[in-house]
Amino acid sequence: MKNPSVPVWKPMPFLRVLPPFTGGILLQHYFELSEQFILFAFLLSICLYITSSLFAEYLRFRFPLIKSLPLLTTVLLAGMFTRIVHEETSNKNHISHQPETAQGYLVKLTSDPEQKRKTYKAEATIQYYIRERKNLEAGTGKILLYFKEKPELKTDDQLLVYASLEPIAHTGNPGNFNYRDYLNSQGIYRQAFLDQTQFKRISESRQRGLLYSLACFRLYLLQQIKTYIPDRSSYGLAEALLIGYKNDLDPTVTAAYSNTGTMHVIAISGLHLGILYAILEMLTNLIRSKKWNRWLRPIFILTGLWIFSWLAGANPSVLRSAVMFSGFVLAKALNRNSPSPNTLCAAAFLLFCYEPNWIFDTGCQLSFAAVAGIQWTWKPLYTYYAPRNYWLDQLWKMTSVTLAAQVFTLPLCLYYFHQFPTYFLITNLVAVPLSSLLLIGILILCIATPLPWACVKIGWLLNYGIAFMNQFVTWMDQLPGATIQPIMIDYWGMCFLFGLMTSTCAVFLYRSKGWCLSAIVFATIFAFHSASISFLFSQQHKLVVANNRKLHLFLIEGDRAVVWAQEDSGYYYHQNMKQMLQHFRVKDTVFLPVSDSGNFYIPAIKTAFFSGDFRKTIKPDPSFEIETLVLGKATEKQVAALLETYRPKQLIVLNSNNLEKTRRIEALSKKININCWLMVDKGAFEKRL
């Protein structure tokens, strides 16, 4: 009798554990179940698992899932517990639960002040709230501090802050990136803008440990790169290539890399750690003693990989690569062979145990998706064509890796960025090997710092090499049809496209009728979903007020829109507004400029906008019917007169007023039972007409 084949997941324990664990994290994130319920379910699943183990032989063939289900449920509940443990907002002393009544705060800097366009930004953690009579109350939570002038501060300095901590403003518009949600996912809920009189350093950092040494070494590397690579756009890219420092990157160059699908070149990932791993392995091959080589080799390689990971900022994509390479090194040292998918799932499991919020990080998702696609489809794709010429073979190997990485990253890229780089394959075939050579050159530059004359020559070569790569990528970006955009798909469209891509690849890999049927089903569902979404947008009739300090009011009907804006006509083409119009599938737009003090009324939808003293332009008339009132900059007396005169059903307050005045306007509208929409809290306003 022929033994049944072993399922593919049997030798891969982390492949079985990861789905329920991540499912538990997502379940707790969206539904926020109580700790008591999770604990009860956890104990119940353990009891069921023990009971099923006692009757394993009897239940093995009759009910094969009876033993695995309690175990998978336990893992799912463990994921929910992990989410709860890392949720700082559950602490009653967290800054998100505190009223804005503290007289001051004792904080500790967790990063060096970083120069922005007009300010210097630093992250800090709350240690104490300063209450009345200078009483201290323990506090927790991360905040952002913005300094008007460059402060002489560094990581781990303790500060007394005498300023109100403001909530992070809701910056989201439909189709735009929401900075507040991003910061909240990083555990940051408050911010403060400080001048020299609003903070005082009370203790200076005395840290002299490993992390302090790495921070100093990081600054030293940045200084060396700027010294020997003179051009700003070149040394900005060199800093990003070596340690992921992006503050000096030229925005136009960054946009070109993003549009051509080569952004991964300047984002520290597996490519960079792979090069470092190859260099470290080559150095360890110089050790001839087999006895010492067995133990010194993995220690030396692991130390180099993890030091580089911390220098590069220890972001999720870097740590993913570090964990995977660590697994390969340890498996090789122990003469064990761990399947690559199991190592990838182990890396995801460990990272999500450390920080569950990374599951929502776009870079983390793209990193894991790219590696999963390469592991699954690269080798079969590579074996389809076997050139005899060595260089042609290397070219095909790079091509197949680039194509394999697109299997799972394509749906994510379309969902997040709404564009597809047409010439990504050609650009990557040049940029990837060239960036690898440049990275090796930058490493040599940093090693050769004791020899200034050599550094000057190496820096000169690197300057021209980086300039050439930047010019090539920019030229590719300027070619006709370089980017197909906008490609608008929603969350479910992304999921259906994932299923279609997976099924299509499986058809070519396994030649299975089942996968062929699956591909047809997903293609049909995706086409029907896209068509239905397009139809719904073609029938839309909406009033939208964008979340800006100035007025941007959209009256949308089908694929046409009329825009009233308090800016010059060029602002309409601003990236955020462009993305917003793309989100609503708007093709034809009429722009109507509005002055800063201009007031207007739209009779068809009974909507008015007021800014300043409305009596100068419109006489108070109770018969003048207003359902929706958009409020710009105005005094409280003016607002009270407006509300008392017109009694609108909906009040929308723009961000042009400060936070304290906005709160008072909200309280005033509640007293007379008028719905108030604060953009600082809720973002853009949408209303179906």
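Just checking, does the stretch 292-312 include any residue being within 30 Å of Met476 (Cα to Cα), out of contact with any Lys or Arg (no Cβ under 8 Å at 6 or more places or on another chain), open to solvent by less than 40 Å² (accessible area, probe 1.4 Å) and touching a residue at least 24 places away in the same chain (Cβ under 8 Å)?
Yes, because at least one residue in the stretch 292-312 is within 30 Å of Met476 (Cα to Cα), out of contact with any Lys or Arg (no Cβ under 8 Å at 6 or more places or on another chain), open to solvent by less than 40 Å² (accessible area, probe 1.4 Å) and touching a residue at least 24 places away in the same chain (Cβ under 8 Å).
Given the criteria over 21 Å from Tyr416 (Cβ atoms) and either buried (at least 17 other Cβ atoms within 10 Å of the Cβ) or among the basic types (Lys, Arg) (or both), does Thr504 qualify?
For Thr504, the condition - over 21 Å from Tyr416 (Cβ atoms) and either buried (at least 17 other Cβ atoms within 10 Å of the Cβ) or among the basic types (Lys, Arg) (or both) - is met.
What is the residue count in the stretch 126-152 for residues that are assigned to a strand (DSSP E or B) and either at pLDDT below 85 or buried (at least 17 other Cβ atoms within 10 Å of the Cβ) (or both)?
Number satisfying all stated conditions: 11.
Read through the list (1) modelled with pLDDT under 80; (2) part of a helix (DSSP H, G or I); (3) crowded, with 20+ Cβ neighbours inside 10 Å, then give the number of the only condition that Ser234 fails.
With (1) modelled with pLDDT under 80; (2) part of a helix (DSSP H, G or I); (3) crowded, with 20+ Cβ neighbours inside 10 Å applied to Ser234, the lone miss is (1).
Quick check on my filter: what residues within the stretch 645-662 are out of contact with any Pro (no Cβ under 9 Å at 6 or more places or on another chain) and open to solvent by 70 Å² or more (accessible area, probe 1.4 Å)?
The answer is Lys649, Asn658, Glu660.
Just name the residue that is nearest to Tyr179 (Cα to Cα) out of those in the stretch 349-397 that are of a type outside the set (S, T, N, Q) and in a loop (DSSP other than H, G, I, E, B).
Asp361
Please go through the stretch 65-96 and give me each residue that is outside any helix (DSSP H, G or I) and touching a helix residue (DSSP H, G or I) at 6+ places or on another chain (Cβ under 7 Å), ordered by number.
Residues satisfying the conditions are Ile66, Lys67, His86, His94.
Could you grab the pairs with beta carbons closer than 7 Å, sequence gap of 6+ or different chains, first residue in the stretch 426-446 and without any contact (Cβ under 8 Å) to a residue 24 or more places away in the chain, second one open to solvent by 50 Å² or more (accessible area, probe 1.4 Å)?
If the second residue must be open to solvent by 50 Å² or more (accessible area, probe 1.4 Å), no pairs are left.
If we keep just the residues of the stretch 560-574 that are open to solvent by 10 Å² or more (accessible area, probe 1.4 Å) and modelled with pLDDT of 90 or more, which is nearest to Phe591 (Cα to Cα)?
Filtering the stretch 560-574 down to residues open to solvent by 10 Å² or more (accessible area, probe 1.4 Å) leaves 560, 562, 564, 566-574.
Checking which are modelled with pLDDT of 90 or more leaves us with 560, 562.
Details: Arg560: 11, Val562: 6 Å.
Within the stretch 560-574, the match that is nearest to Phe591 (Cα to Cα) is Val562.
Please go through the stretch 153-199 and give me each residue that is crowded, with 19+ Cβ neighbours inside 10 Å, in a loop (DSSP other than H, G, I, E, B) and of a type in the set (Ser, Thr, Tyr), ordered by number.
Matches in the stretch 153-199: Thr171 only.
Looking at (1) surrounded by 12 or more Cβ atoms within 10 Å (Cβ to Cβ); (2) at pLDDT below 85, find the lone condition where Val253 falls short.
Here Val253 meets the rest and fails (2).
Looking at the stretch 359-370 only, could you name the residues that are closer than 18 Å to His86 by Cβ and either surrounded by 21 or more Cβ atoms within 10 Å (Cβ to Cβ) or β-branched (Val, Ile, Thr) (or both)?
Those that are closer than 18 Å to His86 by Cβ and either surrounded by 21 or more Cβ atoms within 10 Å (Cβ to Cβ) or β-branched (Val, Ile, Thr) (or both): Ile359, Cys364.
Hey, can you tell me all the residues within the stretch 467-499 that are open to solvent by less than 40 Å² (accessible area, probe 1.4 Å), within 19 Å of Phe424 (Cα to Cα) and of a type in the set (A, V, I, L, M)?
Within the stretch 467-499, Met469, Val473, Met476, Ala482 meet the criteria.
Output the residue which, of all residues in the stretch 7-49 that are in contact (Cβ under 8 Å) with a residue 40 or more places away in the chain and in a loop (DSSP other than H, G, I, E, B), is least open to solvent (accessible area, probe 1.4 Å).
So, considering only residues that are in contact (Cβ under 8 Å) with a residue 40 or more places away in the chain and in a loop (DSSP other than H, G, I, E, B), the one least open to solvent (accessible area, probe 1.4 Å) is Met12.
Could you look through the stretch 237-285, keep only residues that are acidic (Asp, Glu) and in a helix (DSSP H, G or I), and pick out the one that is farthest from Met324 (Cα to Cα)?
The selected residue is Glu239.
The values are calculated or read from the model by the stated rules, or taken from the named source; none is laboratory data. This one's a predicted model, so the numbers in the text were calculated from it and none came from an experiment. Heads up, the Cβs are rebuilt from the backbone with ideal geometry, glycines too, and the neighbour counts pull from every protein chain shown. Heads up: the accessible areas ignore ligands, DNA and RNA and are worked out on the full protein's heavy atoms, side chains in. Shrake-Rupley method; radii C 1.70, N 1.55, O 1.52, S 1.80 Å.
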